[in-house]
Amino acid sequence: MQELIRLTNQYGLLLIFAGVLLETVGVPLPAMPLLIVAGALAVGGTLSIPAIVLVALFASLIGDLAWYLAGQRYGHHVLKTLCRISLSPDSCVRQTEALYGRWGARLLLVAKFVPGLSTVAPPLAGAMRLPLGGFLAYGGGGALIWIGVSLGAGALFHAQIALAGAYLERFGAMALYALAAAFGLFLLFKWWERRRFYRALRMARISVDELRRLVQGPVKPVILDVRSAAARRVDPRRIPGARAIDLEDAQQHLQGVPRGNEIVVYCSCPSEASAARVARLLMDHGYQHVRPLAGGLDAWADAGHEVEEEPRVEALGVEEGDTDPGAPAPGPLKADAQAARP
């Protein structure tokens, strides 16, 4: 804490700008403690509250706007990349998609307070075609709330922060090393958790060519699209005949389907994480032949097989009406690996 106070005193607004920008672009270095310390220093006149707010807001908007434009340009590919590099595989992106589907652009008002969500929400807003003005209004508003709460906490507890800094100063570099070690252990734990997650989902996959043969055969397989509703809006393609289902209600959608039927589950996340989770769940409930589709929807489309396409919802914001992502599609389209992507 004392080291953070010293650095904030020494580098001031430059350190605040760098800290907020790094967190916004996805570096796992929380900026809120820095803003809290800045708020405490502002009480003593070391820093100016208006200057802190302007610098932090500018840094936040730079990072968020970069992610927004990337999501607008590359669509679900950006979200898939975030899912691949996330310390919480698949879950952070999927949870953000679910929350955005429920709250729309209003989610940006609180996204800064939730680790992971703050990085995923801006590109998802871009992929959902939220207008730039709406993104800046909600994103900027959320950043101001986050900055204000952090600075307010620092100002309110400035005496306690100074006392904690003086206490930690007695331990000198040892306190800094302890914090660095704790952070390293946290990253190691998340990495181990990620590895364990993927090991638990290892199972036999079905290739797109094998699925194609089953679809053309006399006994059709049951095909389940387990992407979130928001993900299906970002990328409205689907395999012909696929049933769009919720991740937690997969068994309900299979009522009347014999347990010996061939069931194929697909998603658009790395390593078919969501598809493998649903497949494991169905197997635990007695379904004998359940396999995730290797490569997911992208592999199917890249192979040149037909897809159905739902009408695209251009922007999912607070004014959008309800849309059924599982509604019948207008008809099959020949997949073009390039043109079909956002």
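Laid out as a table, the results:
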read-out	value
Protein-only accessible surface order, largest first, of HIS77, HIS305, HIS285 at 1.4 Å	HIS285, HIS77, HIS305
Amide proton proximity set for GLU262, modelled H, under 5 Å, gap of 5+	VAL222
Whole-Hz couplings from phi, Karplus 6.51/-1.76/1.60, listed for region 145-150; x for Gly and Pro	5, 4, 5, x, 5, 5
Total formal charge among the other residues, if their Cβ is under 12 angstrom from that of LEU57, Lys/Arg +1 and Asp/Glu -1	0
Label-to-label distance, nm, for residues given as GLN255 and ALA66 (7 Å Cα→Cβ offset)	5.0
Distribution of pairwise C-alpha distances over region 95-158, 10 Å bins, in %	23, 50, 19, 7, 0
Hypothetical label at GLN216: residues of region 270-305 whose amide nitrogen lies under 17 Å (7 Å Cα-Cβ projection)	300-305
Protection proxy ranking of 118-131, 212-225 - average other beta-carbon atoms within 10 Å, highest first	118-131, 212-225
Length gained when the stretch ILE49-GLN160 is fully extended (0.36 nm per residue, less Cα-Cα span)	38.0 nm
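The values are calculated or read from the model by the stated rules, or taken from the named source; none is laboratory data. Values in this document were obtained by computation on a predicted structure and should not be read as measured data. Backbone-built Cβ (ideal geometry, glycine too); neighbour counts: all protein chains shown. Note: accessible area is taken over every heavy atom of the protein model, side chains too, but ligands, DNA and RNA are not part of it. Shrake-Rupley method; radii C 1.70, N 1.55, O 1.52, S 1.80 Å.
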